[in-house]
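Notes for the one structure printed next.
The values are calculated or read from the model by the stated rules, or taken from the named source; none is laboratory data. Being a predicted model, the structure only gives us computed values, none of them experimental. Reconstructed Cβ throughout: ideal geometry from the backbone, glycine too, with neighbour counts over all protein chains shown.
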Amino acid sequence: MKNDKLMVFDTTTLPFPFRLLAEVDLPAVGPLGVHGLDVWVTGAKGVGSAKGIVVTNALQGTDGSVSLIDAATNTVRTTIPVGRNPKQVMVYYAGLAASDNQATPTW
């Protein structure tokens, strides 16, 4: 078990074992903190449609942050301070709901 990491896997080999593509370091949240995430998806379903990942970094009982991760490079682009105990995040763009996508990045 690795703490404060986002693991990126290649699942195109399923049902065979898949390989690890990247480990993204997330801000530390301590032993009682948690991370939650949502994925920004644009374009058609399938490989390569994820544009970004939004991860909450909830420190136990104190102000946390939200990290924006570029899905093309698997790097944290920015981390934004937010209020106390961010647990989940949802990025929503109403214009894409009809095409079965919930969000779009504005990098």
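If you check every pair at least six apart or on different chains, which have Cβ atoms under 8 Å apart with a residue in region 2-17 that is at positive phi first and a residue that is in a strand (DSSP E or B) and surrounded by 10 or more Cβ atoms within 10 Å (Cβ to Cβ) second?
Every condition considered, the pairs that remain are ASP4/ASP25; ASP4/HIS35.
Within the group LYS45, LYS51, which residue is at pLDDT below 90, over 11 Å from the mean Cα position of the chain (by Cα), more than 15 Å from ASN3 (Cβ to Cβ) and not acidic (Asp, Glu)?
LYS45
Listed residues ASP38, ASP4, ASP25; which is modelled with pLDDT under 85, within 14 Å of the chain's Cα centre (by Cα) and of a type in the set (Asp, Glu)?
ASP38
Exactly one of these conditions fails for TYR93: (1) of a type in the set (Ser, Thr, Tyr); (2) at pLDDT below 75; (3) within 16 Å of the chain's Cα centre (by Cα). Give me its number.
Just one mismatch for TYR93, condition (3).
When residues of region 55-71 are filtered for being at pLDDT below 85 and surrounded by 15 or more Cβ atoms within 10 Å (Cβ to Cβ), how many remain?
Looking only at that region, the number is 1.
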